[in-house]
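In what follows, a single structure is set out as structure tokens and then discussed.
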Amino acid sequence: MLAERRCSFELRGDLPGGRRELRLRVGTLSVVVVEIPGRSLNDREWADIQRARIAYGAMWGEHDSDVFVNDPFDGREPPYRAWHYCAWVSEAGDPGKLVVMRKVQLVASQLSADQRADPGDLLPVDIRFWQVRTDVGTVPLWEALRNHTRRLAPRDRYPEFRIASISRAATPVGDRRVAGERDRTAIGFAAIQLLATHGDPNLLYVCSLCPEFRDRVMGLCGADGAYVSPDFVRTEDQIGLPPDTVGLDNHLPVVQAHKTAFPGYFVHNEDACRVIAGLLDEGRLTADDVRVPAMRLLARESARGGNLRLIGELTALIAEPDNHRMAEVLTRPRLFQYLVPLIAGAHPLSRMSAAELRGRLLYETRDGPYSSTLVPAAWAASAWTILDAAERKYRPLPAPEREIGTEPAWRRAQAM
């Protein structure tokens with residue numbers, strides 16, 4: 001049963017261009033979420049989305065405009081259908097917090113018979129990235145998802161195309177900070193979950209998620225101090241596979257490209273630290289090799305008045321190298337990007353090739369993210385758990401208990 005205090009909300013589905021809007025009141029906070037079909041995006045909406053997506057470059061690696069601007073999964077052209085979500089969380093007198101997300105799926109009617117049988121490279125990357133290990137080898141995750149949806153909806157002609165990929169969740173960097181910044185991110189994302197799932201005929205959502213996002217970004221600490229986060233179920237658990245059998249397919253060029261460009265997200269940080277420290281101990285990587293990214297990191301952190309503790313630690317490590325400490329610093333999620341020039345070969349190494357370094361990081365580390373598969377109704381329920389916790393936190397005074405049966409029909413339908 002959900003918490004006794006509920007946030008008030010209003011849904012509108014009659015806006016131009018197929019847009020829908022959800023408005024919520026969470027204590028003293030106002031939340032407005034707009035759902036925009038990919039082919040209806042206007043310049044202002046696209047600018048807001050791009051402003052949020054720039055955070056990927058700041059957090060995980062160099063910003064690649066071709067990846068984030070000319071992305072076919074934004075659904076502006078067939079065979080994709082996409083919906084973009086912009087949530088604004090604000091309180092009277094402040095500029096508000098923007099949170100964005102995207103939902104995309106392949107449209108069966110826009111595929112040839114051969115493409116429907118094997119979509120291959122047309123699949124959204126959150127499906128295409130992954131493979132399933134079996135006793136006799138590996139198979140693409142798509143095959144396991146297709147088989148599962150056919151069991152869920154045996155009378156559907158193409159149930160496998162009732163799978164949507166959710167991705168591109170982001171919030172702008174550099175905005176003026178306000179009280180409860182992290183809570184606002186969690187509230188905005190939960191509101192997006194509600195609108196994305198409402199009336200959606202999809203059977204499943206899939207995504208690639210780092211545990212840190214679930215545990216530090218997308219949840220909030222309630223009034224009782226307990227952390228509440230969205231329920232991102234591992235794919236193995238959701239579709240009945242043995243534990244730890246779904247992993248990134250490191251042999252795919254698209255996976256290698258993402259691990260090279262965004263290692264802080266796609267490569268397991270502790271494993272990467274072990275690999276880099278080992279290469280330094282073996283002398284395959286030299287102090288001069290890592291001094292270049294360390295100096296670049298130090299210069300950037302100093303220029304923007306960054307973490308003083310990190311600046312002091314880097315200064316000491318450059319003066320008196322310590323292999324394990326240097327490896328630990330340079331493989332932290334946000335800082336791993338400074339190794340990208342070495343991994344990509346932009347800065348030649350003294351005693352090994354960039355290809356060998358990439359291979360060690362690809363095949364001697366675990367995955368940074370995990371594959372998650374979600375049932376829309378259950379995912380919506382987890383969003384309400386977050387919003388109910390936020391309501392209690394931001395409206396501490398007792399509120400009249402809502403009478404049973406007074407919830408709007410669309411809210412009751414979410415829980416079915």
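In the chain, the calculated helix contribution to ellipticity at 222 nm averages -12000 deg cm²/dmol per residue, counting -39,500 (n - 2.57) for every DSSP H run with n ≥ 4. For ALA92 and ARG157, the difference between the fully extended length at 0.36 nm per residue and the C-alpha to C-alpha distance is 18.4 nm. In the chain, the convex hull through the Cα atoms has an average projected area of 22.9 nm², a quarter of its surface area.
Seen through its C-alpha gyration tensor, with square-root eigenvalues sorted a ≥ b ≥ c, region 275-395 comes out oblate because a/c lies at 1.5 or above while a/b is not bigger than b/c.
Take every pair of alpha-carbon atoms less than 8 Å apart whose residues are at least six positions apart; their mean separation over the length of the chain yields a relative contact order of 21 percent. Going by neighbour counts of Cβ atoms within 10 Å, the residues THR134, THR373, THR385, THR149 line up, fewest first, as THR134, THR385, THR149, THR373.
Of the residues TYR85, PHE129, GLY305, the one whose Cα sits farthest toward the positive end of the charge dipole of the chain, with +1 on the Cβ of Lys and Arg and -1 on the Cβ of Asp and Glu, is TYR85. Straight-line reach from LYS393: which lysines fall under 27 Å, measuring Cα to Cα and dropping same-chain residues less than 8 apart? Cross-link targets: LYS97. Compared with the alpha-carbon gap, the fully stretched path from ARG332 to ASP288 is longer by 13.9 nm at 0.36 nm per residue. Shown is the FRET efficiency for ASP118 and VAL173, computed with R0 = 56 Å from the Cβ-Cβ distance and rounded to the nearest 0.05: 0.90.
The simple spin-label model puts a point 7 Å past each Cα toward its Cβ; for ARG81 and VAL254 those points are separated by 2.0 nm. Given their separation in residues at 0.36 nm each and the Cα-Cα distance between them, TYR363 and ASP231 gain 44.6 nm when the chain is fully extended.
FYI, it's all coordinate maths here, none of it is from the lab. As the structure is a prediction and not an experimental result, all values here were calculated from the model. As a convention, Cβ positions derive from the backbone with ideal geometry for all residues, glycine included, and neighbour counts pool all protein chains shown.
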